[in-house]
Structures are given as structure tokens and as C-alpha cells.
1. Return one number: the angle in degrees, 0 to 90 and rounded to the nearest 10, between the long axis of the Cα atoms of helix B:32-51 and the longest principal axis of the Cα atoms of chain B.
2. Compute the distance in nm between two label points, each set 7 Å from the Cα along the Cα-to-Cβ direction, one at residue A:154 and one at residue A:19.
3. Report the GluC sites (Glu not before Pro) located in the stretch A:1-65 that are in a DSSP loop and have at most 16 other Cβ atoms inside 10 Å of their Cβ, or state none.
4. Mind listing the phi-derived Karplus ³J(HN,Hα) values for the stretch B:363-368, rounded to whole Hz, using 6.51, -1.76 and 1.60 with θ = phi - 60°, and x for any glycine or proline?
5. At a threshold of 8 angstrom on Cα-Cα distance, excluding pairs fewer than six apart, so keeping six or more, what relative contact order does chain A reach in percent?
6. Relative to the first principal axis of the alpha-carbon coordinates of chain B, what is the inclination of helix B:258-282, with its axis defined by its Cα atoms, in degrees from 0 to 90 and to the nearest 10?
7. From the phi of every residue in the stretch B:342-359, what ³J(HN,Hα) in whole Hz does the Karplus formula 6.51 cos²θ - 1.76 cosθ + 1.60 yield, where θ is phi - 60° and glycine or proline is x?
8. Helix-only mean residue ellipticity at 222 nm, chain C, DSSP H runs n ≥ 4 weighted -39,500 (n - 2.57), per residue, nearest 500. What is it?
Amino acid sequence: MVSLEMLKEHETVRTAPVSEAEALVDVRGLSLWYGKKQALYDISVRFPRNQVTAIIGPSGCGKSTLLRSLNRMNDLVPGVRVEGEVLYEGVNIYDPRVDPVAVRRHIGMVFQKPNPFPKTIFENVAFGLRLMGVKGSELEDRVVEALKRAALWNEVQDRFKKESGLRLSGGQQQRLCIARAIAVEPPLLLMDEPTSALDPIATQAIEDLIQELKTRYTVVIVTHNMQQAARVSDRTLFMHLGVLVEEGPTEVLFTKPKHPYTEAYITGRFG
Amino acid sequence: MNRTLSSPSPEAFGTDPWKTRIDRTFARALVLPLVLAIGLLVLLLGDTLYRSVSVQVVRADEGPGRTYPFGLAATEVLRQELLARGYTEEEARSLLQDPTERRVLFLQNRVELMWNTQEGPFRYVVTGLRDERVADFSLLEGLRRWEELKAGLGEGERLVLNPWLDQSFLTRTPSRSPLTAGIGVAIWGTIWVLSLALLIAIPVGIGTAILLEEYLREGTLNRILEVNLRNLAGVPSIVYGLLGLAIFVREMGLGPTILSAALTLGLLGIPVIVVTARESLRAVPESLRQAAFALGATRRQVVFRVVVPAALPGMVTGVILSAARLIGEAAPLLLVGAAAYVPFYPTGPLSEYTVIPVQIYLWVSMNIPEFARVAAAGILVMLLVLSGLYFLALYLRNRFRREW
Amino acid sequence: MEILKQRPSRNPKEVLTFALLVFLSSITLLTTLGVILSLVGDVAQFFRRVPLTEFLFAPEWTPLFADPRYGISPLIAGTFLVTLIALLVAVPLGLALAIYLSEYASGAARARIKGTLELFEGIPTVVFGYFALLFVTPLLQRVIPDLNIFNPLSAGLVMGFAIIPYISNVAADAMESVPRSIREAAYALGARPYEVALRVVFPAAISGIIAAIILATSRAIGETMIVAIAAGQRPILTLDPRETIATMTSYIVQAATGDQPTGSTGFYALFAVGFTLFLLTLFLNILAQYVVERYRERYE
Ligand SMILES: Nc1ncnc2c1ncn2[C@@H]1O[C@H](COP(=O)(O)OP(=O)(O)OP(=O)(O)O)[C@@H](O)[C@H]1O
Ligand SMILES: [Mg+2]
């Protein structure tokens, strides 16, 4: 059995590390506690610009926690404590002078289960834009633009101002949530198992979309599905028990893993 | 019981007829309370309906006690009545043409539709303010003795099957005479008091619910507010009346007015509204809040742009049900002035007032059979209003039910 | 990074909204304070004129006599009597209904029954008072000839029905929260439905059930209109359910609607009785919460 002590003794195994210049986000020595329980152990990793980085690992290993510390969503959980730094374009977002709300306005997030607001499709996508004070025809243009980029426009163009977002199918809802997240043009898009509640066809659509998105955005995606990680990502992080075990280019991690745990996990021999 | 596993027959598993019977009896007995409760409701409604109709012999104050065919215009009825009372054509016409006189005439003599009179069903009669009741019979007895009563009618007397709850009951003011007592003043009192009370209870109740559910889910202030609310909800409503009497009526010098009543009732309504509002806020899935926060909404924006709109149908339903509860509250208002005899309509927050349930209480406690009929009519009005609100709430609840 | 310098959550609107919410909710605290203050001042006035021993131990409550006596025991006795009768009706019926709701009724039936109960709860108590006085009392008088027109019996009976929902709702919630697995364990041992309900679910939910009964007691004690209308307003020390009596609440109504000159001892007596009522119901509510907290079974 894998023990935490054994894992913590080893440094993260890194293949083809990302240089400081390439990195949009630079996580340095990040540890996180939920109350007394530690969920992340001294994690350091860089997320390169305009690439898709996948986070994989067994359930409860801290994938979501790591993802949510990139836009300070964890601040909403009572009793959370964070150590270390997350540099975003060189600015530490955990600096006491930084407002977490400002961070979240700048970084988009898509959740596991589609969670559209009980409002019209238009109002869903317009939500973030309105928060930034966008109004009038610009608002309208950018909503349409976001719907187009999320590959939803064709399906909803005739009804998007009237129909509630809740009336869409699951896959459409998730694309709506992506449209909502990208409407404000966030340079970084975080996705937490965005397809785990969807059927294979809807999943395919989202995966295609992610490939599209990477030309404009930097994407970090958590997934349980290793094929998905292999298909969509450029780099992959493997986590276990709150520790970042190995990171590197996706094809390296999946074909020539260096750490025995990584190998055990990707070959399905994991306990 | 002796079970032998070696025996292959089904009986070997043993059935205990005695236990089976207990089981069945038990299940049936459990339905009893429901049957009793529904029975009570039916009896209550039946009694109220039955009591609200009676057969009466009435002696007209001035007039001849004639009745008029259904379908005539009210003015025409009144004109004929005046003629029958001995006015000349000329006098009657001038009385009816002068707007002031005409208004007074209509106030003092109401043209009422009776279900039945000695001259047949659905006839108009003109009821004067000082008409006198000679006899009052319950529906069954009255109908049984109809012919006999009709034969015994004296000069200026009429026999009517009177629905106590009629249109003019809703607009009449209270009166010392059951014939002319109405619920109009109490209806307006209830409307005034309730609206002002909701003006206090809704913002405070919903504000507190939002604070507790969206801002302070834990911590000292949350615990203090929560314990306090739980205890407030258990305080008997009459104690709120004492508070109103001591603070609003006397200390603040508002007197026995609508304002005192509204403040009292408003405080009483707060815990109820907090509970329902919290429930509807809690029903909003956490994922919506997460989505809004992830888009960079501030706490206020999350709450007021996402959570509250999503919870609104539930909150509205809750407020309507709370309003229905408040409408029926008599006890606290008895202490802040509603028990007064108020024969005029309220004109503002500092008017004297009475409300529907208190008016009913006053009528019931007169301990006069005919006032019991008036009370029954009042109860019907109140129950109609309440069921209207209840079904509105039900409709809203179903109409806006969301599947997340 | 320009945007990271913004501080949207320090926006004055945010602070003002929070302050407004705190202000609004502080009104609930002020209400409690108001209840206590409004009562305490006048109660103090009362006890300046009437010794506490008389209030607690004198057997008569006669504020309107030339030689007034202020012993609360007749009012307590009246309250106790009506409450007891109400509970005798409400506890068996309410608990039976709760068992039916949680163990026997299907989903749809449960929703319909709860709707009916909600309807029942929504009936103003003045209506129940009317019913007790004008329907139940005449009916009872045929069976019990020397029953007074105003009597605690019919008031208590009707009140019993009126508080059924308070018992059945809380008790059914408690029973529904007993986990399925425990029931299934009992069925697996060959228990019959009634045995499961009575021997397994009922004991497991006992703290909630007791709390339900305590809460209903508190309701019955504080209930005003039914007793004011049907039980009468004559404070005599008796436990005979045929006699006209007065309860604490009906006395308050009587005194407040009669002509008590402000500042008279009789006027302050109103608040002394109200305060007693307040303390009693507060005690019961806290007791109910304590029972729930203390004896709740914790299931994983
Ligand atoms: N709000 C919370 N409070 C306390 N502990 C938490 C909280 N959220 C997560 N945890 C704990 O932190 C650890 C990491 O959780 P996290 O959700 O990040 O795992 P995950 O890798 O995303 O798992 P999954 O694949 O199941 O989504 C888990 O042990 C979990 O129990
Ligand atoms: Mg996760």
C-alpha cells in the first residue's frame, strides 16, 4: 500500500519542466488544510500558456482542491488555510492585498455537473459580463460570440433570449456553462471533470471544444478518465494523497512514466 | 411457535393468525385520527354554513314589509318602497333625484336579495336600519313551519329566508343589531393592519433569513440569532399582545390604533417568515452559488442576482402562507385595541380599527343566537379569504417548482 | 496585473448590504428584549403592591372584588385542566397519525395528508372557539346535563384537535429520520410492520416524540381564543371539567378587553400573568430543544 510518508520523501518527478517564461501560473510550495486535515502537500508546478494541462489521480487525492486553489474558490470553504504562493502573471494571488473576487473575475471555471442559473440562456452568458459592467449592444455581441465559441450558437440561436438554461440537454448545459465562463475572455480556464456527467457524444463535443479553446486560452482540466487526459492535454499532472507525484508532457507520462506509482495508476494496477 | 425446518410445507414457516390480525387492526386504527380530523373539519364547515342561513320573521321599521320581484333596478325597488310607505310620487322622485338625499336613503334602506320570502323565491326586500326581528328559526325548522309562519304574519311583517352572508354584509359597519351588523370595517381593518405588518415582517424576516443562510452560516452571531428565533417562535401570540400594549400603545403613545396593531402583528410574523424564507434559500443548490462565485461575483451579487431570484417563488409562497396565519390572529390584537366598537371605516394608520377574527370573537361572545349567525357569516368570509390565499400559495408552489 | 488590484468585495455597497442585513436581523433580538422589558417593568410594579407569596400561594384570583386577591393558582389550575384534556386528545391521535405518515403512507398519500394538516393548522383558533362553544358544548350537554355553557371540557377537546398537527409533524419528522437499515434489520428478523413501528421506530425516535409533545403542551398553554370563547372567564380553583374556569390566557383577554384603568393593580396583574405564561412556555421550549439535543441518536 502506498503511504503518505513514502510519497512525501520523494521530490516530484518532472519531465521537460516548464520554464518560468512559458508559465502563466506558477504554483510554489502550495500546502492546504481543510481545518486540521491537510489536503495538499507542498505542491510546486507551472502551467504553460495556451496549453491544456490535465490533472489525474485517484479519487480524493486533491485534484479539485489544487484546481480550486488556482482561482481561490477554496476561500469559500470555512476553515481553509493555505501556505505557499500561486503566481499568476507574476502576481501572487494569495497576497493579502489581492481580492479573491478580482481573481475569479479573471479566471474562468467549469464544474463537474452543469450548473446553469435558472435564467435565460442569454442571461446565463451575460452574467459575468454584467458583473464587469458590460452593457447594451456590446453585451449582446459578446454573448453571441461566447455562444459561438462554445459551439452552442447553432442549436440555440432562435431561442436563446427566451429559453431557460435549465431546459437544455446535459451536454448543451455544459457547453452553456463553458460559454458563460469564456464570455469574459479569461486567459485561464479551469475545468473540474467537465464531462463526467455527460454521455459519450456530448463528451466528444466538449473535448473537441477544449482543443479549439486552447488556441486562445490556457486550460487546466481535472479528469478521472485517462483516455480523456491523453486525448486532450499537452501536459499531465499525476497526484496522489495530496502530493504531486509526477508531471510532464502527456505522451511521456502515459508511455514512459518514471515514478512507479504513476505507472501503477495508468496501467490500472493501482490499489 | 414450533418451527421445524425439516418440514417442506409452507405452513412450516408458521403464520400467527393472532399477530396478523393485530397487524391489520393496527394499520386501520392509525387512519382513525385522520378520519376524525376530517370529520371535525366537515362538521365545522357544515355547522358554520348551516348557521349562516336562517328563516326569519322581520317587522319593518317604517314600511309595509313588502317584497319586490328579482330583476328590478335598485332605484325602482326603493321608489316603490317609498310609495308604499306613503310618500307621494312627487316626494319620492325628488328624494331619489337629489344626490345627497339619495345617498342617505340608500345607506338607511338597503335593497337586499333574499333567497325566499313569503311571496316566493329570490325577491328583493328593503331593509331599514331599525327593522326588528320577531322570530328567528334554523333552516330546517323554518322551512318545515313555512306555511304556518306565513299564515301568522302580522301587519308590516315579512317572512324571509335570509342568507346572513350576502353582499351587503361585506360592506356594512358593525352594529348593535344583528340584522344590520356587517364585516366591512373589520375587512378594511384587516387589510390595513396586515399590509403594514407585512411591511415590517417581510424585510426583517427575509433579511434575517439571508443573513443566516448566505452570510453567517456559523459563528457566534448565527447561534445567538438562531436560538433567539427558535424561542421567539414559541412565545404565545398573546404575549406579543402584551408587548404591543406596553410598548406601542402606552410607551410610544400610539394608542389603540392600526399602527400599534401592525407593529405587534409584524413582530409576530417575523419568525414565521424567517423559517419559510430560510427553507427556500436552502433549497437553492450550492452549485449555483459556486458558479456565480467562480465568475467573480461578490457575496452581494451572488445573493441578490442568483440565490434570491432562484428562491423567490418559495419565498413568495412562504409569505402568503404567513400572511394567512397573521390574518387569523385575534389574541394579540385584542390587547392593542381591536376589541373596541368601531362603527366607521379606518382612514389611516392612526385610525381606530378592528379586524375580522376579533370581530368574530366579539360576535361569538355576545352570546346571542342571532349574533352567532352573524359570526358564522364572518367565519365564512374569513375562511374564504384564507382558502383563496392557500390555493394561491399552492398554485405558485406548483407553477414555479424547479427540478435542479 | 491591473485587475488583481481591484477590490470588488470591499465595495461600499457590499459593506452597506451586510450592515443592512445585520440591522434587520437585530430587530429579532430587539423583539425578545422588548418582550422581556415590557413585561418586567409592569411585573415589578405588580409585585410592589402584591407580595410574591400571595401571588404564588393564595387560592383565589379576584382582582375585581372590593378586597382583591391575587393568587395565580386558579388560573394555573384552569390552564392545566384545559391543557391536560387537549393533550389527552392530541397525543394519541397525533402520534398515531405520525406513525401512519412515517411508516404506512405512500409518498402521494403522505403529501396529501400533510396538505390536509397544513389546512388544519391554518384555521384560525377563533373558529375553533366558535365551534367548541356553539357546536361541541350543546352536544356534550346532552350527555352531561350539568355541564356549564362555558367549560374546559369542550374547549380542551377542540383544542386537542387544533394541536394535532404540531405533534404529528414533529413526531413524523423524527420517525422518518430513523434510518431504513434499522427497519430492514427488524424485518429481516421476522418482525411484523406494527412491531417494527412500535418496537423499533418508536423507541428510536423517542426524543423527537417527547419534544413534539412538549412543544404541543407549550402551544396548548399559550392558546388563547378557544379558551377565551369556550372555557369561560371565571377563575375558580377546581379541576372539575364541567365548571366554568379561567386560564391564564383567557384572564389576559378578559382583563385587556374589560375596563382596567391603566396603573391599577388589576392592570399590572395582567402583566404578572403574562410573564408567568411567558416563562412557562419558554421553559417548555427550551426543554424540548434540550431533549432533542441530549437524547438524539446519532446514526452514521
Ligand atoms: N470542503 C471540504 N472540507 C473538508 N475536507 C475536504 C473538503 N473538500 C475536500 N476535502 C478533502 O480533501 C481531500 C481532497 O479532496 P478533492 O475534492 O480535492 O479530491 P479529488 O481528487 O477532486 O477527488 P474526486 O476525484 O473524488 O473529485 C479529500 O480527502 C477530501 O475529503
Ligand atoms: Mg474532485
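A short reminder: the numbers here are calculations on the coordinates, not readings from a lab. It should be emphasised that the depicted structure is a prediction, and the values quoted were computed from it without experimental measurement. Here the Cβ positions follow ideal geometry from the backbone for every residue, glycine too, while neighbour counts run over all protein chains shown.
1. Once rounded, the angle reads 20 degrees.
2. For the pair residue A:154/residue A:19, the computed spacing is 4.1 nm.
3. On the way: sites: A:5, A:9, A:11, A:20, A:22; in loops: A:11, A:20, A:22.
Answer by residue number: A:11, A:20, A:22.
4. Taking θ as phi minus 60°, the curve returns 5, 4, 7, 5, 6, 10 Hz for the stretch B:363-368.
5. Values: 501 pairs, mean separation 75.5, N = 271.
Rounded, it is 28 percent for chain A.
6. 40 degrees
7. 10, x, 9, 6, x, 10, x, x, 9, 6, 6, 7, 9, 10, 4, x, 5, 4
8. Values: 13 runs with 197 residues, N = 300.
That comes out to -21500 deg cm²/dmol.
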